[in-house]
Number of protein chains: 2
Amino acid sequence: MNQDNLADRLLEAVDEKKNPSVVGLDPRLWRIPEHIREKARESNDGSFEAASEAIFEFNKGLIDAIHDIVPAVKPQVAFYEKYGSHGIEAFIRTIRYAKKKDLIVIEDVKRNDIGSTAEAYASAHLGEVDVFDEESFSFDGDMITVNAYLGHDGIEPFIDHCKKYGKGIFILDKTSNPSSSELQDLKTEDGKRIFEVMAELISEWGEELVGKRGYSPVGAVVGATYPEEAEMLRDIMDNNLFLVPGYGSQGGTADDVIPCFNDDGYGAVVNSSRGIDYAYQREPYCEEYGSEEYDKASRKAALDMKEDILDSLERGDKIPDSW
Amino acid sequence: MNQDNLADRLLEAVDEKKNPSVVGLDPRLWRIPEHIREKARESNDGSFEAASEAIFEFNKGLIDAIHDIVPAVKPQVAFYEKYGSHGIEAFIRTIRYAKKKDLIVIEDVKRNDIGSTAEAYASAHLGEVDVFDEESFSFDGDMITVNAYLGHDGIEPFIDHCKKYGKGIFILDKTSNPSSSELQDLKTEDGKRIFEVMAELISEWGEELVGKRGYSPVGAVVGATYPEEAEMLRDIMDNNLFLVPGYGSQGGTADDVIPCFNDDGYGAVVNSSRGIDYAYQREPYCEEYGSEEYDKASRKAALDMKEDILDSLERGDKIPDSW
């Protein structure tokens, strides 16, 4: 159990790989290469068991292909939960395998509840759970995403686990989807928008956990699709890590994500899921790689993403000094 | 697959039992009677497997004891997810068993995400999932709770599944916890509080699904601990079902929940979890029932809750005419 501040650990990993990008692991069964699906079906009687096996094997290939070039992976639990307990088994196997490969694992679970229920989620995903007379790790991710619509007493148990176990959270603030404006952009009577109020809360909640490198592992989700809002949010939450979804498939460009970084070149990690996972099915990668080489296609796509973001950081004069 | 409107089905079940209360199934391993825990440990090698078995057996006893007196149960997934894939197995077994006993199952999962990810959650919990060349049911609950901080495009896939599969959702609006005010009570520049804005959205989103009895299965979570707000919300969402947590252990009284009902005596179901599940451990039930009779204690507590709410409905002149 590594109890160092997670923000420090994540930034060290970003420095080591000279790369602030994250690969999302969003397994869609019908897009997994045929040879993996066939093998899983041959060696499993039940179809949910076979789905679980195919998902894990697909992820294993991706992790093997990208573990030395990215600091973290972000499995989205919905695509595993689809397959019930068997899907959750694949999710947990993926977390363990990625950690073994020294990747930081961000579970994209967007969990939220109150009091003892939030405590149950926190113990499951970030800490230890009671199993009869023992305490055992269950999911044991490094970070999770959470939703703070319920306010502070739904977030506190997660923060407590961040402290105790050296973990981190990303709280939804300004999300990347088109209708995020419906609620998040409403102006309060003070003239602040909801996502600004949320940002102030996140900044306050994260304060006591700021690590050696000046960042708190109590971070925020800020979509790449809203660069102007990101700039404002970077000012409010200057000490908080940002998880930035929306790059690539959702339309966010490398230039769009630059406002999520501080002037020191740190503070954000940018996620891409579909664009990396299924690179073998899209231009230009599909010309060079077949489905048997999906992992190589994904590696190439991850390297291209890194270059794309580094070019933009360079242009924005935000490349970290030590790189 | 019953594709009738879920709001109609829920109200028929409420009429049949003459009871608008719901039993939450929140298994806490250390509070499960010793004889169930011991038996589960004896017949399972792994401790997570034993935890899963103990949880299911405990729930089975509760369901057997209350299925003829309440219309619905509400398992809270956090207490199952704690135990990873084994916990999810117990959760799904609980859903199946409760449905076999003709109970409506409200999965308390508070899921939320966008686009194809919300679609994955919706297919898992309310619809069918793709497993290679087939479509299969996965969790197959009747209703789930969801969080709409992300706006309409995070809710639409759930509503689509409500239409297609005859299911329902409860969207978090004004939650029962103390710090729900932090975000939900903020006043917008129009003078409306966030929970009122959310209520207007819920009312609008639910409109096209209103069933024969005048209610939509696109409902709202409104805490028993805020009766004044509930009264206002009942006016805004006159056609939407309310799920009302916070009665009992959280401090809400039967009188507090009455504003959640319309004048016709319908429109809300009131949940109690800990107060029913562990009745055998509290006054007055612990005097009459030992841990071997936890199920009888829970039945008695559920009947007392029913009486308590019916008395208050009576006093508020809100008992349905046909009762």
Per the filter on segment B:132-145, residues closer than 25 Å to B:SER52 by Cα and either facing another protein chain (nearest Cβ under 9 Å) or part of a strand (DSSP E or B) (or both) are B:SER136, B:PHE137, B:SER138, B:PHE139, B:MET143, B:ILE144, B:THR145
Taking segment A:86-115 and keeping only residues that are polar (S, T, N, Q) and more than 8 Å from every other protein chain (Cβ to nearest Cβ), one is left with A:THR94
Restricted to segment B:172-190 and to residues being at the interface with chain A (Cβ under 10 Å from one of its Cβ atoms) and assigned to a strand (DSSP E or B), the residue surrounded by the fewest Cβ atoms within 10 Å (Cβ to Cβ) is B:LYS187
Practice item. Could you tell me whether any residue of segment A:69-92 is modelled with pLDDT under 95 and not aromatic (Phe, Trp, Tyr)? Key: no
- Task: Using the structure shown, decide if B:VAL77 is more than 19 Å from B:LEU29 (Cβ to Cβ), within 17 Å of the chain's Cα centre (by Cα), crowded, with 23+ Cβ neighbours inside 10 Å and within 11 Å of another protein chain (Cβ to nearest Cβ).
- Result: no
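Tell me, yes or no, whether segment A:162-172 has at least one residue that is within 18 Å of A:GLU231 (Cα to Cα) and either without any contact (Cβ under 8 Å) to a residue 40 or more places away in the chain or of a type in the set (D, E, K, R) (or both).
Scanning segment A:162-172 turns up no residue that is within 18 Å of A:GLU231 (Cα to Cα) and either without any contact (Cβ under 8 Å) to a residue 40 or more places away in the chain or of a type in the set (D, E, K, R) (or both).
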Note on segment A:229-243: residues touching a residue at least 60 places away in the same chain (Cβ under 8 Å) and in contact with a Pro (Cβ under 9 Å, 6 or more places away or on another chain) are A:LEU233, A:LEU241
Within segment B:149-164, residues surrounded by fewer than 20 Cβ atoms within 10 Å (Cβ to Cβ) and away from chain A (no Cβ under 13 Å) come out as B:ASP160, B:LYS163, B:LYS164
Across (1) at pLDDT below 95; (2) within 16 Å of B:LEU201 (Cβ to Cβ), B:GLU134 clears everything bar (2)
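The values are calculated or read from the model by the stated rules, or taken from the named source; none is laboratory data. All of these numbers come straight from a predicted model, not from anything done at the bench. Glycine also receives a Cβ, built like all others from the backbone with ideal geometry; neighbour counts cover every protein chain displayed.
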